[in-house]
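Quick note: the coordinates plus some simple rules give every number you see, no bench work behind them. Everything numeric in this text was worked out from a predicted model, so none of it was measured. Cβ placement follows ideal geometry from the backbone for every residue including glycine, while neighbour counts extend to all protein chains displayed.
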Ligand SMILES: [Zn+2]
C-alpha cells in the first residue's frame with residue numbers, strides 16, 4: 001500500500017468538492033456526481049470493470065485467480081459542510097488496494113470496490129440507502145415520500161440518477177460471489193485520540209434502543225402550589241435522566257437524553273407534561289436489554305417519587321451487529337504490524353458495514369479522529385495516523401484474500 005497516493009487522492013477530492021466551508025458531496029446532487037466522476041477517473045486507470053447497480057451504488061471488479069471477490073469500500077457522499085475524511089478515507093484506501101494489487105499481479109480471489117449511495121441520508125433523512133437496498137432491508141414504501149428541504153420526493157430525485165426505487169432491491173444480486181467485506185473509516189469520536197492510538201480494529205456496530213419517555217403530572221401555578229403538593233414532570237424527568245446516566249456507566253454503554261420538552265413551558269407554571277428522548281447503545285445484546293429495562297425502571301421510580309405517571313414509547317431500534325472473529329483477528333494483528341496497538345472497540349455510529357455484516361464476514365478498521373469530531377469541516381486526523389490505518393487495512397485485506405483462496409470464505413450463492 002502506498003499511503004501517499006491515498007492522501008493525494010483525498011486532498012484532490014477535497015479540492016474538487018470541499019473547501020473552507022467543508023465537504024459538499026451530499027448524495028443525489030451535482031457535487032456528489034462530481035466526486036463520483038473523480039472516483040471513476042481513478043478507477044479508469046486500473047484493470048477493473050466499473051458498473052452502477054439498481055440502487056445507485058458504484059462497483060469496480062478486479063477478477064482474481066479464483067472465483068468470487070472480497071468487497072472493499074465505503075461512501076463518497078458527505079453531509080453538507082462535512083469533513084474531508086468521512087467515507088472518502090475508506091473509498092480511496094480501497095482504490096489503493098486495487099492499484100497496488102494491479103502492480104503486483106492477479107489477486108488470489110477477486111477484489112471488488114463499492115461506493116455505497118447515500119450513506120449519510122443528508123438530503124432525505126434515511127441513512128444507509130444503498131447498502132440497505134443491497135442487503136434487502138429497505139422497504140421502498142418507507143422512503144418513497146420522504147421530502148427534502150425544497151419539498152422534492154425521494155423517489156423522484158433518485159430517478160434522476162437512474163434509480164427506480166421499486167427495483168433498487170435488485171442491487172442485492174451484486175453480492176453473488178461476495179466472500180467478505182472490509183471497510184476503513186475514521187472513528188468520528190474521542191476514544192482513540194484520548195488513548196493516543198492511531199488506529200484500531202472495530203468489533204461491530206452497537207445495537208440502538210431509541211425511546212420517548214412521556215411523563216404526565218399536573219400543570220399548576222408556580223406561586224400557589226407548595227413543593228410537597230406538586231406533580232412536576234420536569235423534576236421527574238431530571239431525576240430519571242441522572243439515573244440513566246448511571247445505567248450507561250454501569251453497563252459500559254452510552255445513554256443519551258438528547259432532548260426534554262416541558263409543557264406548558266412557561267416560567268410561572270409547574271410543568272404537567274414532559275417528553276424526554278432517550279438513545280441507548282451497546283455492542284452486547286444482553287447488556288443493551290439490561291440498559292433498557294433499567295432505564296424504564298428509573299423512569300417509573302422517578303415518576304412515582306414526583307406523583308407523576310410515565311409511558312415509554314418505542315421510536316426505533318436495531319440489534320447489535322458483531323463483526324467476524326477471524327477477520328477481527330487479522331485486523332488486530334495488522335494494526336499492530338502497522339504501528340498501532342492491539343485495541344478493538346465497538347462502533348457507536350452505524351456504517352454500511354453493519355448492513356454487510358448481516359450477510360457475510362465483515363470487519364472495519366478505524367483511524368483516530370483528532371479533533372474527535374465528524375460531520376463538520378473541523379473533522380481531521382493526523383497524517384501519521386491515517387498512514388497506520390491505510391497500512392493496516394492493506395494487511396488485513398491480504399490475510400483475508402489468503403483465507404478466501406484457501407477455502408475459508410466461500411463465495412455467496
Ligand atoms: Zn461515513
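Relative contact order for the range 75-228: 19 percent, from Cα pairs under 8 Å spaced at least 6 residues apart, divided by residue count. For residue 227 and residue 268, what does the FRET efficiency come to when R0 = 25 Å and r is the distance between their Cβ atoms, rounded to the nearest 0.05? It comes to 0.95.
Note on residue 137 and residue 405: the model spin-label points, each 7 Å out from Cα along the C-beta direction, lie 3.2 nm apart. First measure r as the distance between the Cβ atoms of residue 259 and residue 152, then evaluate 1/(1 + (r/R0)^6) with R0 = 22 Å and state the FRET efficiency to the nearest 0.05. The value I calculate is 0.20.
How many nm is it between the label spots at residue 164 and residue 65, if each spot is 7 Å from the Cα in line with the beta carbon? Each label point is offset 7 Å from its Cα along the Cβ direction, giving 4.2 nm.
Multiplying each eigenvalue of the alpha-carbon gyration tensor of the range 5-77 by 5 and taking the square root yields semi-axes of 25, 15, 10 Å, largest first, rounded to whole angstroms.
Please report the antiparallel percentage of the DSSP beta bridges confined to the chain, to the nearest 5. In the chain, DSSP labels about 70 percent of beta bridges as antiparallel.
Under the rule a/c < 1.5 gives rounded, and otherwise a/b versus b/c splits prolate from oblate, where does the chain land using the Cα gyration tensor? Prolate, because a/c is 1.5 or more and a/b exceeds b/c.
Our estimate of slack between residue 145 and residue 358, defined as 0.36 nm per intervening residue step minus the Cα-Cα distance, is 74.0 nm. Full extension of the chain segment joining residue 316 with residue 373 gains 18.1 nm, where the gain is 0.36 nm per residue of separation less the Cα-Cα distance. The calculated 222 nm mean residue ellipticity attributable to helices in the chain amounts to -11500 deg cm²/dmol, summing -39500 (n - 2.57) over DSSP H runs of n ≥ 4 and dividing by all residues.
With a simple spin-label model that places each label point 7 Å from the Cα along the Cα-to-Cβ direction, the separation between residue 40 and residue 102 comes to 1.6 nm. On the beta carbon distance between residue 49 and residue 286, with R0 = 41 Å, the FRET formula returns roughly 0.40. For the range 229-324, relative contact order (Cα pairs under 8 Å, six or more residues apart, normalised by length) works out to 35 percent. For the pair residue 252 and residue 343 in one chain, pulling the backbone fully straight at 0.36 nm per residue adds 31.1 nm over the alpha carbon distance. Its relative contact order, with pairs defined as Cα atoms under 8 Å and 6+ residues apart, puts the range 106-178 at 25 percent.
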